[in-house]
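A short write-up of the structure that comes next.
The values are calculated or read from the model by the stated rules, or taken from the named source; none is laboratory data. Everything quoted here is computed from the prediction, not taken from an experiment. Note: ideal-geometry Cβ built from the backbone for every residue, glycine included; neighbour counts use all protein chains shown.
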């Protein structure tokens, strides 16, 4: 569980049929903020263009090494966030995970 404003990292390891790390031809990451239905899409690009390969104001998909990718996302809303990875072309794989985001537990002290 995370709070609003927390940095969440979604990561994915793609492998070939032999289990070795491998890069798909196309790597996509989708994020759905479940309560209001907001859907965002990222596409890996060696030189990403904001607003084209990833949503404006967000971080791009980063390739860490062969087969390993991640996206950093700063939570904006208190709700369930579901991230989905999809590799296609030379490697076909998909996975999904969900993070629950809550309002901050910080309370302001009365003067």
Is it the case that residue 84 is within 10 Å of the chain's Cα centre (by Cα) and either modelled with pLDDT of 90 or more or within 16 Å of residue 7 (Cβ to Cβ) (or both)?
-> yes
Which residue, of 101, 35, 47, 71, is more than 11 Å from the chain's Cα centre (by Cα) and in a strand (DSSP E or B)?
-> 101
In the set 76, 84, which member is on the phi < 0 side of the Ramachandran plot, in contact (Cβ under 8 Å) with a residue 40 or more places away in the chain and not in a loop (DSSP other than H, G, I, E, B)?
-> 84
Across (1) at pLDDT below 95; (2) closer than 19 Å to residue 2 by Cβ; (3) surrounded by 13 or more Cβ atoms within 10 Å (Cβ to Cβ), residue 98 clears everything bar (3)
Would you please name the residue that is nearest to residue 75 (Cα to Cα), looking only at residues in segment 1-25 that are more than 15 Å from the chain's Cα centre (by Cα) and surrounded by 11 or more Cβ atoms within 10 Å (Cβ to Cβ)?
-> 4
Pairs returned, first residue in segment 10-32 that is free of Cβ contacts under 8 Å to residues at least 24 places away in the same chain, second residue that is part of a loop (DSSP other than H, G, I, E, B) and crowded, with 16+ Cβ neighbours inside 10 Å, beta-carbon separation under 7 angstrom, 6 or more apart or interchain, are none
Could you give me the residue pairs with C-beta distances under 7 Å whose first residue belongs to segment 37-49 and is on the phi > 0 side of the Ramachandran plot and in contact (Cβ under 8 Å) with a residue 40 or more places away in the chain, whose second residue is surrounded by 14 or more Cβ atoms within 10 Å (Cβ to Cβ) and not in a strand (DSSP E or B) wherever it lies, and which are 6+ apart or on separate chains?
-> none
